[in-house]
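Structure, as C-alpha coordinates:
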Number of protein chains: 2
Amino acid sequence: MTKPNTKILGVTGMPGSGKSEFAHFAEELGYHTVVMGDVVRARVVEEGFEPTPEMSTRYMLQLREEMGETAVAHLTCDAIDILVSEGKNLLVIDGIRSQAEVTYFKEHLDEAFFIVAIHVDPDLRFKRLQTRGRKDAPVTEDDFNQRDESELKLGLGETIAFSNYIIPNNKSLDDFREKSLSLLNELEG
Amino acid sequence: MTKPNTKILGVTGMPGSGKSEFAHFAEELGYHTVVMGDVVRARVVEEGFEPTPEMSTRYMLQLREEMGETAVAHLTCDAIDILVSEGKNLLVIDGIRSQAEVTYFKEHLDEAFFIVAIHVDPDLRFKRLQTRGRKDAPVTEDDFNQRDESELKLGLGETIAFSNYIIPNNKSLDDFREKSLSLLNELEG
(Lines give C-alpha, C1' and ligand atoms only; values in the text may rest on other atoms or scores of the structure.)
Protein backbone atom coordinates (compact mmCIF):
# COMPACT_ATOMS: atom_id res chain seq x y z
CA MET A 1 0.00 0.00 0.00
CA THR A 2 2.74 2.46 0.99
CA LYS A 3 5.94 3.18 -0.93
CA PRO A 4 9.51 3.06 0.33
CA ASN A 5 10.57 6.29 2.07
CA THR A 6 7.04 6.68 3.38
CA LYS A 7 6.91 7.33 7.11
CA ILE A 8 3.63 7.59 8.95
CA LEU A 9 3.79 8.38 12.65
CA GLY A 10 0.72 7.87 14.78
CA VAL A 11 1.04 10.23 17.74
CA THR A 12 -0.76 9.34 20.93
CA GLY A 13 -0.87 10.44 24.55
CA MET A 14 -3.20 11.63 27.28
CA PRO A 15 -5.06 14.95 26.81
CA GLY A 16 -2.63 17.84 27.17
CA SER A 17 0.49 15.71 26.67
CA GLY A 18 1.67 17.69 23.64
CA LYS A 19 0.51 15.70 20.61
CA SER A 20 -0.15 18.72 18.42
CA GLU A 21 3.17 20.33 19.46
CA PHE A 22 4.90 17.14 18.32
CA ALA A 23 3.03 17.38 15.01
CA HIS A 24 4.26 20.98 14.59
CA PHE A 25 7.87 19.90 15.20
CA ALA A 26 7.44 17.15 12.60
CA GLU A 27 6.06 19.73 10.15
CA GLU A 28 9.37 21.62 10.51
CA LEU A 29 10.97 18.52 8.93
CA GLY A 30 8.44 18.32 6.11
CA TYR A 31 5.78 16.12 7.69
CA HIS A 32 2.14 16.72 6.93
CA THR A 33 -0.37 16.29 9.79
CA VAL A 34 -3.65 14.40 9.56
CA VAL A 35 -5.85 15.12 12.60
CA MET A 36 -8.36 12.30 12.97
CA GLY A 37 -10.90 14.72 14.48
CA ASP A 38 -10.51 16.95 11.38
CA VAL A 39 -11.23 13.97 9.12
CA VAL A 40 -14.50 13.49 11.00
CA ARG A 41 -15.27 17.22 10.89
CA ALA A 42 -14.65 17.31 7.12
CA ARG A 43 -17.09 14.45 6.69
CA VAL A 44 -19.66 16.29 8.84
CA VAL A 45 -19.34 19.33 6.54
CA GLU A 46 -19.60 17.12 3.43
CA GLU A 47 -22.88 15.78 4.79
CA GLY A 48 -24.14 19.34 5.09
CA PHE A 49 -24.05 19.69 8.87
CA GLU A 50 -22.53 22.37 11.09
CA PRO A 51 -19.19 20.96 12.33
CA THR A 52 -19.70 21.81 16.01
CA PRO A 53 -17.87 19.62 18.57
CA GLU A 54 -21.23 18.11 19.60
CA MET A 55 -22.17 17.31 15.99
CA SER A 56 -18.74 15.81 15.30
CA THR A 57 -18.96 13.61 18.38
CA ARG A 58 -22.48 12.49 17.43
CA TYR A 59 -21.38 11.75 13.89
CA MET A 60 -18.31 9.88 15.11
CA LEU A 61 -20.38 7.73 17.48
CA GLN A 62 -22.84 6.96 14.68
CA LEU A 63 -19.97 5.99 12.36
CA ARG A 64 -18.55 3.69 15.03
CA GLU A 65 -21.95 2.08 15.43
CA GLU A 66 -22.24 1.48 11.68
CA MET A 67 -18.63 0.59 10.86
CA GLY A 68 -17.20 -0.61 14.16
CA GLU A 69 -14.60 0.90 16.46
CA THR A 70 -12.11 1.43 13.64
CA ALA A 71 -14.51 3.68 11.71
CA VAL A 72 -12.44 6.83 12.15
CA ALA A 73 -9.19 4.96 11.38
CA HIS A 74 -10.87 3.77 8.18
CA LEU A 75 -11.79 7.33 7.11
CA THR A 76 -8.31 8.51 8.08
CA CYS A 77 -6.70 5.85 5.88
CA ASP A 78 -8.77 7.10 2.95
CA ALA A 79 -7.42 10.61 3.60
CA ILE A 80 -3.87 9.21 3.89
CA ASP A 81 -4.17 7.34 0.58
CA ILE A 82 -4.97 10.61 -1.17
CA LEU A 83 -2.04 12.42 0.50
CA VAL A 84 0.39 9.60 -0.34
CA SER A 85 -0.84 9.55 -3.96
CA GLU A 86 -0.04 13.28 -4.06
CA GLY A 87 3.55 12.47 -3.08
CA LYS A 88 3.25 13.38 0.62
CA ASN A 89 5.24 10.53 2.13
CA LEU A 90 5.95 11.93 5.62
CA LEU A 91 2.78 12.00 7.69
CA VAL A 92 1.75 12.41 11.31
CA ILE A 93 -1.63 11.03 12.40
CA ASP A 94 -2.91 12.84 15.48
CA GLY A 95 -5.74 11.28 17.49
CA ILE A 96 -5.11 7.53 17.75
CA ARG A 97 -6.72 6.16 20.90
CA SER A 98 -7.10 2.40 20.83
CA GLN A 99 -5.17 -0.71 19.93
CA ALA A 100 -7.95 -1.60 17.48
CA GLU A 101 -7.11 1.58 15.57
CA VAL A 102 -3.37 0.84 15.79
CA THR A 103 -3.98 -2.64 14.35
CA TYR A 104 -6.09 -1.17 11.56
CA PHE A 105 -3.39 1.35 10.64
CA LYS A 106 -0.65 -1.30 10.83
CA GLU A 107 -2.53 -3.58 8.44
CA HIS A 108 -3.19 -0.73 6.06
CA LEU A 109 0.16 1.05 6.24
CA ASP A 110 2.58 -1.86 6.74
CA GLU A 111 6.09 -1.11 7.87
CA ALA A 112 5.83 2.62 7.24
CA PHE A 113 3.79 3.02 10.42
CA PHE A 114 5.06 3.73 13.96
CA ILE A 115 3.39 4.84 17.15
CA VAL A 116 4.97 7.71 19.08
CA ALA A 117 3.55 8.36 22.54
CA ILE A 118 4.03 11.59 24.47
CA HIS A 119 4.10 11.48 28.27
CA VAL A 120 3.57 14.20 30.87
CA ASP A 121 3.16 14.04 34.65
CA PRO A 122 -0.62 14.22 35.36
CA ASP A 123 -0.44 17.32 37.61
CA LEU A 124 1.60 19.14 35.00
CA ARG A 125 -0.84 18.08 32.26
CA PHE A 126 -3.69 19.50 34.27
CA LYS A 127 -1.87 22.81 34.75
CA ARG A 128 -0.99 23.01 31.05
CA LEU A 129 -4.57 22.25 29.98
CA GLN A 130 -5.86 24.93 32.34
CA THR A 131 -3.65 27.55 30.73
CA ARG A 132 -3.98 26.34 27.14
CA GLY A 133 -7.26 28.16 26.71
CA ARG A 134 -8.70 25.92 24.03
CA LYS A 135 -12.48 25.59 23.86
CA ASP A 136 -12.36 22.00 25.04
CA ALA A 137 -9.81 22.67 27.79
CA PRO A 138 -11.07 21.31 31.08
CA VAL A 139 -11.47 23.95 33.74
CA THR A 140 -12.08 21.84 36.82
CA GLU A 141 -10.20 18.85 38.12
CA ASP A 142 -13.41 16.82 37.75
CA ASP A 143 -13.60 17.61 34.03
CA PHE A 144 -9.93 16.70 33.66
CA ASN A 145 -10.32 13.39 35.46
CA GLN A 146 -13.47 12.56 33.52
CA ARG A 147 -11.75 13.23 30.21
CA ASP A 148 -8.76 11.12 31.23
CA GLU A 149 -11.06 8.28 32.24
CA SER A 150 -13.02 8.35 28.99
CA GLU A 151 -9.79 8.26 26.97
CA LEU A 152 -8.48 5.35 29.05
CA LYS A 153 -11.75 3.49 28.55
CA LEU A 154 -11.15 3.65 24.78
CA GLY A 155 -7.83 1.87 25.42
CA LEU A 156 -5.36 4.77 25.48
CA GLY A 157 -3.34 3.21 28.34
CA GLU A 158 -2.61 0.11 26.24
CA THR A 159 -1.81 2.23 23.20
CA ILE A 160 0.78 4.16 25.22
CA ALA A 161 2.19 0.94 26.76
CA PHE A 162 2.50 -0.65 23.28
CA SER A 163 3.87 2.43 21.51
CA ASN A 164 7.12 2.09 19.55
CA TYR A 165 8.63 5.28 20.98
CA ILE A 166 7.83 7.51 23.91
CA ILE A 167 8.89 11.10 24.44
CA PRO A 168 8.89 12.53 27.99
CA ASN A 169 7.47 16.06 28.04
CA ASN A 170 7.75 17.17 31.68
CA LYS A 171 10.25 19.95 30.98
CA SER A 172 10.27 23.02 28.75
CA LEU A 173 8.86 23.29 25.23
CA ASP A 174 12.46 23.66 24.00
CA ASP A 175 13.44 20.41 25.68
CA PHE A 176 10.41 18.68 24.15
CA ARG A 177 11.25 20.10 20.71
CA GLU A 178 14.83 18.88 20.99
CA LYS A 179 13.74 15.37 22.02
CA SER A 180 11.11 15.27 19.26
CA LEU A 181 13.49 16.39 16.51
CA SER A 182 16.11 13.95 17.74
CA LEU A 183 13.64 11.05 17.44
CA LEU A 184 12.39 12.25 14.04
CA ASN A 185 15.95 12.46 12.74
CA GLU A 186 16.66 8.98 14.09
CA LEU A 187 13.65 7.64 12.19
CA GLU A 188 14.97 9.24 9.00
CA GLY A 189 18.35 7.53 9.35
CA MET B 1 4.16 8.83 57.89
CA THR B 2 7.41 9.54 56.01
CA LYS B 3 10.14 11.98 57.04
CA PRO B 4 11.59 14.83 55.01
CA ASN B 5 14.38 13.68 52.66
CA THR B 6 12.56 10.42 52.18
CA LYS B 7 12.14 9.48 48.52
CA ILE B 8 10.21 6.41 47.49
CA LEU B 9 10.06 5.62 43.78
CA GLY B 10 7.53 3.13 42.51
CA VAL B 11 8.92 1.71 39.29
CA THR B 12 6.51 0.34 36.74
CA GLY B 13 6.48 -0.82 33.13
CA MET B 14 5.59 -3.74 30.91
CA PRO B 15 7.44 -7.08 31.37
CA GLY B 16 11.01 -6.74 30.11
CA SER B 17 11.02 -2.95 30.11
CA GLY B 18 13.97 -2.69 32.51
CA LYS B 19 12.45 -2.14 35.95
CA SER B 20 15.09 -4.11 37.83
CA GLU B 21 17.90 -2.43 35.86
CA PHE B 22 16.47 0.92 36.94
CA ALA B 23 16.46 -0.32 40.54
CA HIS B 24 20.15 -1.29 40.20
CA PHE B 25 21.03 2.19 38.90
CA ALA B 26 19.17 3.71 41.86
CA GLU B 27 21.13 1.44 44.21
CA GLU B 28 24.31 3.05 42.86
CA LEU B 29 23.00 6.29 44.40
CA GLY B 30 22.17 4.69 47.75
CA TYR B 31 18.61 3.53 47.11
CA HIS B 32 17.36 0.31 48.62
CA THR B 33 15.03 -1.87 46.51
CA VAL B 34 11.83 -3.46 47.74
CA VAL B 35 10.53 -6.04 45.24
CA MET B 36 6.82 -6.57 45.82
CA GLY B 37 7.10 -10.19 44.66
CA ASP B 38 9.86 -10.74 47.26
CA VAL B 39 7.57 -9.37 49.98
CA VAL B 40 5.03 -12.03 48.99
CA ARG B 41 7.71 -14.73 48.78
CA ALA B 42 9.00 -13.82 52.27
CA ARG B 43 5.46 -14.17 53.61
CA VAL B 44 5.11 -17.56 51.90
CA VAL B 45 8.31 -18.73 53.65
CA GLU B 46 7.10 -17.32 56.99
CA GLU B 47 3.96 -19.41 56.62
CA GLY B 48 6.13 -22.51 56.17
CA PHE B 49 5.57 -23.07 52.45
CA GLU B 50 8.04 -23.62 49.61
CA PRO B 51 8.35 -20.23 47.82
CA THR B 52 7.90 -21.57 44.28
CA PRO B 53 6.47 -19.16 41.68
CA GLU B 54 3.23 -21.19 41.66
CA MET B 55 2.93 -21.06 45.46
CA SER B 56 3.68 -17.31 45.52
CA THR B 57 1.04 -16.64 42.88
CA ARG B 58 -1.50 -18.78 44.76
CA TYR B 59 -0.68 -17.04 48.03
CA MET B 60 -0.91 -13.62 46.39
CA LEU B 61 -4.30 -14.38 44.85
CA GLN B 62 -5.56 -15.63 48.22
CA LEU B 63 -4.29 -12.45 49.91
CA ARG B 64 -6.06 -10.33 47.30
CA GLU B 65 -9.25 -12.25 47.93
CA GLU B 66 -9.00 -11.71 51.68
CA MET B 67 -7.65 -8.14 51.77
CA GLY B 68 -8.67 -6.70 48.39
CA GLU B 69 -6.61 -5.70 45.37
CA THR B 70 -4.20 -3.61 47.44
CA ALA B 71 -3.16 -6.61 49.57
CA VAL B 72 0.40 -6.72 48.26
CA ALA B 73 0.76 -2.93 48.48
CA HIS B 74 -0.34 -3.24 52.11
CA LEU B 75 2.34 -5.85 52.90
CA THR B 76 4.90 -3.79 50.99
CA CYS B 77 4.09 -0.70 53.08
CA ASP B 78 4.72 -2.75 56.23
CA ALA B 79 8.15 -3.67 54.85
CA ILE B 80 8.80 -0.03 53.90
CA ASP B 81 7.89 1.18 57.41
CA ILE B 82 10.57 -1.08 58.85
CA LEU B 83 13.19 0.10 56.35
CA VAL B 84 12.35 3.78 56.95
CA SER B 85 12.51 3.26 60.73
CA GLU B 86 16.01 1.84 60.17
CA GLY B 87 16.99 5.10 58.48
CA LYS B 88 16.70 3.90 54.89
CA ASN B 89 15.06 6.93 53.30
CA LEU B 90 15.76 6.28 49.61
CA LEU B 91 13.67 3.39 48.34
CA VAL B 92 12.61 1.86 45.05
CA ILE B 93 9.45 -0.26 44.96
CA ASP B 94 9.54 -2.72 42.06
CA GLY B 95 6.30 -4.39 40.99
CA ILE B 96 3.49 -1.81 41.06
CA ARG B 97 0.80 -2.75 38.57
CA SER B 98 -2.46 -0.95 39.21
CA GLN B 99 -3.79 2.50 40.02
CA ALA B 100 -5.40 1.03 43.15
CA GLU B 101 -1.90 0.17 44.38
CA VAL B 102 -0.60 3.61 43.39
CA THR B 103 -3.42 5.25 45.36
CA TYR B 104 -2.67 3.05 48.37
CA PHE B 105 1.03 3.96 48.29
CA LYS B 106 0.25 7.67 47.80
CA GLU B 107 -2.04 7.70 50.83
CA HIS B 108 0.50 5.85 52.91
CA LEU B 109 3.68 7.58 51.74
CA ASP B 110 2.45 11.13 51.06
CA GLU B 111 4.64 13.45 49.06
CA ALA B 112 7.69 11.21 49.26
CA PHE B 113 6.21 8.92 46.61
CA PHE B 114 6.62 9.12 42.82
CA ILE B 115 5.90 6.72 39.98
CA VAL B 116 8.62 6.17 37.40
CA ALA B 117 7.59 4.21 34.29
CA ILE B 118 10.02 2.55 31.92
CA HIS B 119 9.07 2.19 28.25
CA VAL B 120 10.41 -0.09 25.53
CA ASP B 121 9.17 -0.82 22.00
CA PRO B 122 7.17 -4.11 22.18
CA ASP B 123 9.29 -5.99 19.59
CA LEU B 124 12.45 -5.00 21.40
CA ARG B 125 10.95 -6.05 24.75
CA PHE B 126 10.14 -9.44 23.30
CA LYS B 127 13.70 -9.88 21.99
CA ARG B 128 15.20 -8.79 25.31
CA LEU B 129 12.94 -11.14 27.28
CA GLN B 130 13.91 -14.01 24.99
CA THR B 131 17.60 -13.47 25.68
CA ARG B 132 17.27 -12.59 29.36
CA GLY B 133 17.14 -16.24 30.34
CA ARG B 134 15.22 -15.82 33.54
CA LYS B 135 13.04 -18.70 34.66
CA ASP B 136 9.84 -16.78 33.94
CA ALA B 137 11.03 -15.42 30.60
CA PRO B 138 8.50 -16.10 27.88
CA VAL B 139 9.84 -18.21 25.06
CA THR B 140 7.07 -17.93 22.51
CA GLU B 141 5.29 -14.88 21.19
CA ASP B 142 2.03 -16.32 22.55
CA ASP B 143 3.46 -16.44 26.08
CA PHE B 144 4.73 -12.90 25.71
CA ASN B 145 1.37 -11.57 24.47
CA GLN B 146 -0.49 -13.44 27.18
CA ARG B 147 1.74 -11.99 29.89
CA ASP B 148 1.35 -8.49 28.46
CA GLU B 149 -2.42 -8.90 28.39
CA SER B 150 -2.64 -10.15 31.96
CA GLU B 151 -0.54 -7.19 33.17
CA LEU B 152 -2.72 -4.76 31.23
CA LYS B 153 -5.84 -6.33 32.72
CA LEU B 154 -4.52 -5.44 36.18
CA GLY B 155 -4.36 -1.82 35.01
CA LEU B 156 -0.72 -1.44 34.00
CA GLY B 157 -1.61 0.74 30.98
CA GLU B 158 -3.27 3.34 33.21
CA THR B 159 -0.40 3.19 35.69
CA ILE B 160 2.06 3.97 32.89
CA ALA B 161 -0.18 6.73 31.48
CA PHE B 162 -0.51 8.31 34.96
CA SER B 163 3.15 7.92 35.97
CA ASN B 164 5.04 11.01 37.14
CA TYR B 165 8.09 10.28 35.01
CA ILE B 166 8.82 8.03 32.08
CA ILE B 167 12.18 6.80 30.86
CA PRO B 168 12.52 5.56 27.26
CA ASN B 169 14.65 2.41 27.11
CA ASN B 170 14.85 1.57 23.39
CA LYS B 171 18.59 2.14 23.14
CA SER B 172 21.65 0.71 24.89
CA LEU B 173 21.97 -0.16 28.57
CA ASP B 174 24.45 2.73 28.88
CA ASP B 175 21.90 5.16 27.44
CA PHE B 176 19.24 3.84 29.84
CA ARG B 177 21.66 4.15 32.77
CA GLU B 178 22.48 7.74 31.83
CA LYS B 179 18.79 8.69 31.53
CA SER B 180 17.98 6.93 34.83
CA LEU B 181 20.80 8.59 36.78
CA SER B 182 19.89 11.96 35.28
CA LEU B 183 16.30 11.59 36.52
CA LEU B 184 17.42 10.33 39.93
CA ASN B 185 19.77 13.29 40.33
CA GLU B 186 16.97 15.65 39.31
CA LEU B 187 14.74 14.18 42.00
CA GLU B 188 17.48 14.77 44.56
CA GLY B 189 17.76 18.44 43.65
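The values are calculated or read from the model by the stated rules, or taken from the named source; none is laboratory data. All values reported here derive from a predicted model rather than from experimental measurement. Neighbour counts run over all protein chains shown; Cβ positions are idealised from the backbone, glycine included.
May I ask you to verify whether B:THR140 is under 14 Å from B:MET36 (Cβ atoms) and of a type in the set (Ser, Thr, Tyr)? When the stated conditions are applied, B:THR140 does not pass them. Tell me, yes or no, whether segment A:53-74 has at least one residue that is small (Gly, Ala, Ser), surrounded by fewer than 13 Cβ atoms within 10 Å (Cβ to Cβ) and assigned to a helix (DSSP H, G or I). Looking through segment A:53-74, none of the residues is small (Gly, Ala, Ser), surrounded by fewer than 13 Cβ atoms within 10 Å (Cβ to Cβ) and assigned to a helix (DSSP H, G or I). Filter segment A:152-189 down to the residues that are among the charged types (D, E, K, R) and closer than 24 Å to A:SER98 by Cα, then identify the one that is modelled with the highest pLDDT. The extreme case among them is A:GLU158. Among the residues of segment A:1-50, those that are buried (at least 17 other Cβ atoms within 10 Å of the Cβ), within 26 Å of A:SER150 (Cα to Cα) and over 14 Å from the mean Cα position of the chain (by Cα) comprise A:ARG41, A:ARG43, A:VAL44.
Scanning segment A:139-175 for residues that are assigned to a helix (DSSP H, G or I) and within 7 Å of another protein chain (Cβ to nearest Cβ) turns up A:LEU152, A:LEU156, A:GLY157, A:GLU158, A:ILE160, A:ALA161. Return a yes/no flag: does segment B:99-122 have any residue that is within 11 Å of chain A (Cβ to nearest Cβ), under 24 Å from A:THR159 (Cβ atoms), at pLDDT below 95 and surrounded by fewer than 22 Cβ atoms within 10 Å (Cβ to Cβ). Yes, segment B:99-122 has at least one match. Residues of segment A:138-151 that are among the hydrophobic types (A, V, I, L, M, F, W, C) and either at pLDDT 95 or above or farther than 17 Å from A:ASP121 by Cα (or both): A:VAL139 alone.
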